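Inspection log for the structure reproduced underneath, given as C-alpha cells.
Please treat every number below as a calculation from the coordinates, not as lab data. Note that this is a predicted model, so its numbers are computed, not measured. A quick note on method: Cβ atoms are made from the backbone with ideal geometry, for glycine too, and the neighbour counts reach across all protein chains shown.
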Amino acid sequence: MIYKLLTAEEWSVARAVGRFEGSAVDHRDGFIHLSGREQVVETARRHFAGGAGLALLTVDPDRLGAALRWEPSRGGALFPHLYGPLPVDAVVGVDAIPPDVPVADAVAALLRPPGE
C-alpha cells in the first residue's frame, strides 16, 4: 500500500467527483505526491506538522496503472508519484487525523499493527 495525506475538505471534493486532482503542491510539481509505508511518517513530520483537518488515504498501487512512477526524491529514496488524478476507487482506507495529536505521531499510530 501507499499513502496520501490531504485535508478532509480535499477528500470530500474528491469523493464527490470520483477523483483527487491534487493539492496546490501537487499541481506545482506536476504529479500527486504519495509515500510508501516507510516514508509517510517523515512526510507528515516535514510537510504537515501543525496541520488540522487532515486525512490519511491508504491507496492500492495496483489500481493506478502506468500513471504511477517510483522516482528519486528526498535523500535519493524512491517515492511514488502519480501522473494523473487519483481515482477514488483506488483508495482502500481513509483515516481522520485526530486534531489533538501531532500529525506524524497520529500517522505512526495508524500504521502500527493492531495490538502493538
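Is one or more of the residues making up the stretch 60-81 within 11 Å of the chain's Cα centre (by Cα) and closer than 19 Å to residue 7 by Cβ? Checked against the condition, which is being within 11 Å of the chain's Cα centre (by Cα) and closer than 19 Å to residue 7 by Cβ, the stretch 60-81 yields no hits at all.
Residues in the stretch 100-116 that are under 17 Å from residue 49 (Cβ atoms) and out of contact with any strand residue (DSSP E or B) (no Cβ under 9 Å at 6 or more places or on another chain): 100, 101, 102, 104, 105, 108, 109. So for the stretch 14-22 (the condition being within 16 Å of residue 95 (Cβ to Cβ), surrounded by 16 or more Cβ atoms within 10 Å (Cβ to Cβ) and out of contact with any Lys or Arg (no Cβ under 9 Å at 6 or more places or on another chain)), does at least one residue qualify? Yes, the stretch 14-22 contains a residue that is within 16 Å of residue 95 (Cβ to Cβ), surrounded by 16 or more Cβ atoms within 10 Å (Cβ to Cβ) and out of contact with any Lys or Arg (no Cβ under 9 Å at 6 or more places or on another chain).
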